[in-house]
Amino acid sequence: MIATVKPSFLTGPVQAPTSKSSMQRGCAAALLAKGTTIIKNPGQSNDDRAAIEVIRALGAKPEWVAGQLHVVSTGINPVSSTIDCGESGLGIRMFTPIAALSSKPITITGSGSLVTRPMDFFDEIFPSLAIGIQSNNGKLPLQIKGPLKPANIEVDGSLSSQFLTGLLMAYAAAGASDVFIKVNKLTSKPYIDLTLAVMHHFGVEVENRGYESFYFPFKKDTSGYRPQTYTVEGDWSGAAFLLVAGAIAGNIIVKGLDVHSTQADKAVLQALAAAGAVMSIETGQLHIASTSLKAFQFNAMECPDLFPPLVALAACCEGKSVIEGVSRLAHKESDRGLTLQQEFGKMGIHIELQDNLMIIEGGTGLKGATVHSRHDHRIAMACAVAALKAEKAVTIEHADAINKSYPDFFDQIKKLGAIVEYL
C-alpha cells in the first residue's frame, strides 16, 4: 500500500491502540494457566494475531466471544511440530522458552526481518537448561526439544529484555524453586516490570533483586499460573505517535492510557515536556495541543521504540535535539538509526549519528517527498506524523507496514482530520 499524507491539523478525541506488549504477555500467561482465561480489550495487530496462533499451536483453544478473547488451556500440549511467530521479536524470544517446556521436538520459525535477527542467546543458554537446540548459525529456524529444567544461570541482557521475559515466564511454569537468573547489563527494564506485573496478576511471583538477578524462592505450592480475567492496556508505543501529532499539528485528546503503567514508552511524556508541549493529564486521557517547540535531550536506552516518533517531534523543534540510545536500533524491523537518517533526510531533515547519539536539526522545515517505510511499522507512522507539518504532501511506500502493531493508525488520524490518500 502507498499512502500520501498532506499537511493537516488534527482535532478531537481518539482512542489509544491496545498494547501488543501487554496483549502478547497476556496470551502467554493464558496458555500457561490451566483453565479459562478471559482477555478483555484484546489487540488485533499482526503481532497479536501471531501470538494467538502460537498459543493455539501449543495446545490452547482461543476463541473470540463478544469482542473478548477466551482462552481455554490445559498447559503446554503442542498440536503442531512447527510454531510460526510471524515478525514478532517479542513473540520469538518469549514463546521459544515456553515452547521448550514440552518434551516434543518443535521448530520455531518467523518471517520478514525476524529471520535476520540474532538468536545466539538460545544456543548459549538452552543447553544449561537441558534443552536441545539447533539454530541456523544463530538465526532462525530454531529446532528445540525440552523439557526445560530450571537452573541457576547468568544471561546477557544488553541486546534485549525479551529473552529474559520468556525465561521468567517459563521458569515459573516449570515450578522453579530456589533458583535464580542473574542478568548482566539489562536494558529495557520497564518491559521486565510489565512481565512481572502480568505474572503477578496470574498468581506467580518472582523476586526482582535490583534488576541484577531474579530469584524464584523455595515453595511447596507448585500450582503455578492460575486463570484470570486480564485487561490489555492501552499502548504507549502507538499512542506516542498520536501525542507527537497533537504536539506538532493538533489539538487532540488521547483516551485509554494509564499514566501509572509500567510500559517503557510512557517516557514519551518526559520528551514532550522537555520540548515545551502543551499537555494536561486527566483521568484516563491526555489533552495535547500544538505550540512552538524547542529542542530537547532524551535518553531512549530503556525505550528505543520511541526513536521514530521523537525524530518526528525533533524535526519540528527549533534547534538541535539529541536522543541517546542509537545502539539499541540495529536489530529492529530495520536498522532504525540509518533508516531514520535516510528517510527524514528525504524530507529535508539533517540527522547525524554520533556513536550512541542521534542529533536531529529541527526547525528547518519539512519538505514534501516520497519515502519508504523499509517494511518497518514505526518508520511508516513517523513519516506520516511528520507529513502533517510538511510544506507539501509526503508519499509513504509500503505504508501497510503499520499492520504489524497499529492497523488502525491511518484511519484514526483521518478521523481527527488528517488528509490521507491511498494507492
Potential lengthening between Asp221 and Val322 on full extension [0.36 nm per residue; Cα-Cα distance subtracted]: 31.4 nm
Rounded if a/c under 1.5, otherwise prolate or oblate - segment 20-231, Cα gyration tensor axes: rounded
Beta bridges by DSSP in the chain, antiparallel share as percent, to the nearest 5: 65
Difference of contour (0.36 nm per residue) and Cα-Cα distance, Ser81 to Lys346: 90.9 nm
Per-residue Cβ neighbour rank within 10 angstrom, fewest leading, Trp236, Trp64: Trp64, Trp236
Segment 277-294 - phi-based ³J(HN,Hα) in whole Hz, Karplus 6.51/-1.76/1.60, Gly and Pro as x: 5, 8, 9, 9, 9, 10, 4, x, 7, 10, 9, 9, 9, 6, 7, 5, 10, 10
Listed residue (Leu148, Val183, Tyr171) projecting farthest to the positive dipole end of segment 132-195, Cβ model: Leu148
13 Å beta-carbon shell around Tyr230, net charge (K/R +1, D/E -1): +2
Highest average packing first - 45-58, 185-198, Cβ atoms within 10 Å: 45-58, 185-198
Helical mean residue ellipticity (222 nm; -39500 (n - 2.57) per DSSP H run of 4+; nearest 500) of the chain: -9000 deg cm²/dmol
Total formal charge among the other residues, if their Cβ is under 15 angstrom from that of Pro141, Lys/Arg +1 and Asp/Glu -1: 0
Amide H contacts of Asp258 (H built 1.01 Å from N, under 5 Å, at least 5 apart or other chain): Gly234
30 Å tail of the calculated P(r), the chain, as % of Cα pairs: 41
Cross-link partners of Lys182 among aspartates and glutamates (Cα-Cα below 12 Å; sequence separation of 8 or more within a chain): Glu154, Asp156, Glu207, Glu212
Per-residue ³J(HN,Hα) for segment 192-209, Karplus 6.51 cos²θ - 1.76 cosθ + 1.60, θ = phi - 60°, Hz, x for Gly and Pro: 5, 4, 5, 4, 5, 5, 5, 4, 4, 4, 9, x, 10, 10, 9, 8, 8, 9
Distance violations [Cα-Cα > 30 Å] among Lys6/Lys139; Lys255/Lys294; Lys34/Lys139; Lys189/Lys320: Lys6/Lys139; Lys34/Lys139
Rel. contact order, % - alpha carbon contacts under 8 angstrom, at least six apart, segment 1-156: 17
Gained length - Thr283 relative to Tyr211, 0.36 nm times residue gap less alpha-carbon distance: 22.8 nm
Of Tyr230, Tyr215, Tyr171, the one that fluctuates the most in a GNM where the chain has Cα springs shorter than 10 Å: Tyr215
Cα gyration tensor category, rounded, prolate or oblate, for segment 248-406 with a/c compared to 1.5: rounded
Proximal charge balance of Thr283 [Cβ under 15 Å; K/R count +1, D/E count -1]: -1
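Any read-out appearing in this document is the output of simple, stated calculations on the displayed coordinates, not a laboratory observation. Source: prediction; values computed, not measured. Here Cβ is always computed from backbone atoms with ideal geometry, including for glycine, and neighbour counts include all displayed protein chains.
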